[in-house]
1. Just the C-alpha atoms of the chain: what Rg/Rh do they give, with Rh taken as the Kirkwood radius?
2. Checking the table LYS27/LYS81; LYS154/LYS179; LYS131/LYS154 against a 30 Å threshold on Cα-Cα, which pairs fail?
3. Placing unit charges on C-beta atoms (Lys and Arg positive, Asp and Glu negative, everything else neutral), compute the dipole magnitude of segment 35-102 about its Cα centre in debye, rounded to 20.
4. Return the whole-Å distance between the Cα centroid of segment 5-39 and the Cα centroid of segment 121-179.
5. Suppose we look only past 25 Å in the calculated P(r) of segment 80-185. What percent of the Cα-Cα pairs does that tail hold?
6. Measure nothing but the geometry: give the 0 to 90° angle between the long axis through the Cα atoms of 151-184 and the longest principal axis through the Cα atoms of the chain, rounded to 10°.
7. Note the angle between two axes, namely the Cα long axis of helix 3-26 and the longest principal axis of the Cα atoms of the chain, as a number of degrees from 0 to 90, rounded to the nearest 10.
8. Taking only the Cα atoms of segment 35-102, how large is their convex hull per residue, in Å³?
Amino acid sequence: MEYKEIIDRIKPELDKVINFLEREVAKIRSGRASASLVEDVPVECFGQKLPLKQWGVITLSGPRQILIQPWDKSYLESIEKAIRQFGGGLSPVVDKDVIRVNLPPLTEEFRKELLRVLSEKQEEARKTVRKWREEAWDEIQEKFKEGEIREDDKFRAKDELQDLVDDRSQKIAQIGEKKKKEIME
């Protein structure tokens with residue numbers, strides 16, 4: 001077995017970590033409106049619990065307003081209730097057959113809380129990347145002990161593995177910095 005096979009096997013898993021982090025960070029509120037703030041809010045309607053994006057169209061109506069147009073007017077009350085319960089300082093208002101969600105300006109205290117949440121999400125991603133690195137390294141060590149990987153390949157694998165982890169760690173930091181700027185604007 002080649003050590004490259006082991007490394008190639010964890011690359012998609014590390015990419016999943018980055019993609020998951022990007023989706024989670026998009027849900028963190030900043031000073032600007034974004035459909036990702038509400039699209040995954042669970043809405044219970046007629047005994048079904050589905051993400052908001054499956055109950056209607058979500059658009060932006062300016063830098064601080066989200067507009068939700070349900071597929072059916074009968075969903076209005078359930079959607080409004082779900083957004084209120086979701087929290088995050090969002091206050092939906094029913095306006096005829098649409099729901100307007102105005103984003104209040106961020107307070108300094110709320111910004112600090114958002115930065116703390118962002119930091120936690122980044123740390124979770126880093127831990128997951130480290131876990132995958134450890135699993136791959138353990139497998140490489142095992143294959144070396146079994147004689148399937150030569151000693152110089154083992155050290156080459158360690159270097160490649162570390163480069164891969166460093167790259168993903170840099171991406172995690174970049175995602176965090178970008179969101180931090182949005183929050184502080």
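Derivation of every value follows stated rules applied to the coordinates shown; laboratory data play no part. Since this is a predicted model, take the numbers as computed values, not measurements. Cβ: placed from backbone, ideal geometry, glycine included. Neighbour counts: every protein chain shown.
1. 1.16
2. Pairs exceeding 30 Å: LYS154/LYS179.
3. 140
4. Cα centroid of segment 5-39 versus Cα centroid of segment 121-179: 19 Å apart.
5. 51
6. For 151-184 against the chain, the angle is about 20 degrees.
7. 20
8. Taking only Cα atoms, segment 35-102 has a hull volume of 71 Å³ per residue.
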